[in-house]
1. Using the structure shown, decide if residue 35 is modelled with pLDDT of 95 or more and over 26 Å from residue 137 (Cα atoms).
2. From the set of residues in region 28-38 that are surrounded by 15 or more Cβ atoms within 10 Å (Cβ to Cβ) and not β-branched (Val, Ile, Thr), which is nearest to the chain's Cα centre (by Cα)?
3. Test residue 126 against the criterion of being surrounded by fewer than 19 Cβ atoms within 10 Å (Cβ to Cβ) and free of Cβ contacts under 8 Å to residues at least 12 places away in the same chain, and give yes or no.
4. Only residues that are assigned to a loop (DSSP other than H, G, I, E, B), exposed (fewer than 15 other Cβ atoms within 10 Å of the Cβ) and among the hydrophobic types (A, V, I, L, M, F, W, C): list them for region 39-96, please.
5. Residue pairs, Cβ under 8 Å, 6 or more apart or interchain, first in region 61-82 and within 12 Å of residue 132 (Cβ to Cβ), second among the aromatic types (Phe, Trp, Tyr). List them.
6. Examine region 7-22 for a residue that is of a type in the set (S, T, N, Q), more than 16 Å from residue 85 (Cβ to Cβ) and part of a loop (DSSP other than H, G, I, E, B), and state whether such a residue exists.
Amino acid sequence: MTVVSKIPQEYGYVVLTGVGSTFLIYWMTYKVVAARKKYKVEYPTLYSPDNEKFNCVQRVHQNTLEGYPTYLMLLFAGGLQYPKTCAAAGWIWIAGKVAYAYGYYSDDLKKRRYGTFGYIGLFTMLGCTIGFGVRQLGWLPRHCH
């Protein structure tokens, strides 16, 4: 059984990217709390039956939380083999989520697609994580040049 014996120094970039994503979640949480006050949607009501603006803010947060475990797993696992690539891809995902949020908060339905570029980051991390997995199993050489 092969085990990662040494975490690369560059893994610090991965850790800081994970911290950056935490601030993204905090920002989205703040937006929901502010929208609750502005639109008078009390806890524990998840969605308003009659306020689409509030629901848009809440949906951005919920959608991001739904995919967050996958993002974190791909970031931290793939980053063990490809720390710089995964960190950069992680920031692309974060930027995509910010663009998605601002687009979703607007009244223009077409702007909701603005953040789709974030999937480039997510799929890059997926590829890195697959690469890490197959190398750990010995199916491919550890260092391909």
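The values are calculated or read from the model by the stated rules, or taken from the named source; none is laboratory data. This structure is a prediction, so every number in the text was calculated from the model and none was measured. Cβ placement follows ideal geometry from the backbone for every residue including glycine, while neighbour counts extend to all protein chains displayed.
1. Details: modelled with pLDDT of 95 or more: yes; over 26 Å from residue 137 (Cα atoms): yes.
It is true that residue 35 is modelled with pLDDT of 95 or more and over 26 Å from residue 137 (Cα atoms).
2. Residues of region 28-38 that are surrounded by 15 or more Cβ atoms within 10 Å (Cβ to Cβ), as a first pass: 28, 31-32, 35-36.
Checking the rest, the ones that are also not β-branched (Val, Ile, Thr) come to 28, 31, 35-36.
Values: 28: 12, 31: 17, 35: 22, 36: 24 Å.
Out of the qualifying residues, it is 28.
3. On the way: surrounded by fewer than 19 Cβ atoms within 10 Å (Cβ to Cβ): yes; free of Cβ contacts under 8 Å to residues at least 12 places away in the same chain: no.
Judged against the criteria, residue 126 is not a match.
4. So in region 39-96, the residues assigned to a loop (DSSP other than H, G, I, E, B) come out as 40-51, 79-82.
Among the residues that remain, those that are also exposed (fewer than 15 other Cβ atoms within 10 Å of the Cβ) are: 40, 42-47, 49-50.
Passing the criteria: only 46.
5. Here the result reads 77/132; 78/132; 79/11; 79/13; 80/11; 80/132; 81/132; 82/132, each pair linking region 61-82 to a residue that is among the aromatic types (Phe, Trp, Tyr).
6. No: zero hits.
Yes/no per residue for (1) under 17 Å from residue 68 (Cβ atoms); (2) not aliphatic (A, V, I, L, M):
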site	(1), (2)
95	yes, no
102	no, yes
109	no, no
136	no, yes
141	no, yes
